[in-house]
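The values are calculated or read from the model by the stated rules, or taken from the named source; none is laboratory data. On a predicted model such as this, the values are computed, not experimentally measured, just so you know. FYI the Cβ positions are ideal-geometry reconstructions off the backbone, even for glycines, and counts take in every protein chain you see.
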Amino acid sequence: MANKTKTLNEYKTSDFGLAVALSFFFPLIRVEKDPKRPERKNFIFSHSSELDTKEAEYWSRELKMAAIDYYNASRTLKNRLYA
């Protein structure tokens, strides 16, 4: 599992695959550099119980989404990274 941080208002992860899956269901607030490792990016979402549920489904391989939707979300996230 990649680095992640949960606060009352924000959920932060550096795992690209997880961020792609979550970005299909929840809006991405921002992308920021990791202060300890500048080459790594953190993806920030609003924290909610629904997000926690989707994260658990992702790691247990129970999250269902069409492959084309995952691909499109991946391209969108890459565009945010390299824009």
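A Cβ distance below 8 Å, combined with a sequence gap of six or more or placement on separate chains, defines the contacts here; from segment 21-38, residues that are among the basic types (Lys, Arg) reach residues that are part of a loop (DSSP other than H, G, I, E, B) in the pairs 33/40.
Test of understanding: among 71, 11, which residue is at pLDDT 95 or above, surrounded by fewer than 13 Cβ atoms within 10 Å (Cβ to Cβ) and hydroxyl-bearing (Ser, Thr, Tyr)? Before you say what the answer is, go through the steps one by one.
Values: 11 fails: surrounded by fewer than 13 Cβ atoms within 10 Å (Cβ to Cβ).
Step by step, each of 71, 11 is checked, and only 71 is at pLDDT 95 or above, surrounded by fewer than 13 Cβ atoms within 10 Å (Cβ to Cβ) and hydroxyl-bearing (Ser, Thr, Tyr).
Close Cβ contacts (under 7 Å, 6 or more residues apart or on different chains) running from residues in segment 55-82 that are in a helix (DSSP H, G or I) to residues that are among the β-branched types (Val, Ile, Thr) comprise 70/20; 73/20; 74/20; 77/20; 80/31; 81/31.
A quick yes/no check of all residues on (1) exposed (fewer than 12 other Cβ atoms within 10 Å of the Cβ); (2) in contact with a helix residue (DSSP H, G or I) (Cβ under 6 Å, 6 or more places away or on another chain); (3) not polar (S, T, N, Q):
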position	(1), (2), (3)
46	no, no, no
51	no, no, yes
66	yes, no, yes
83	yes, no, yes
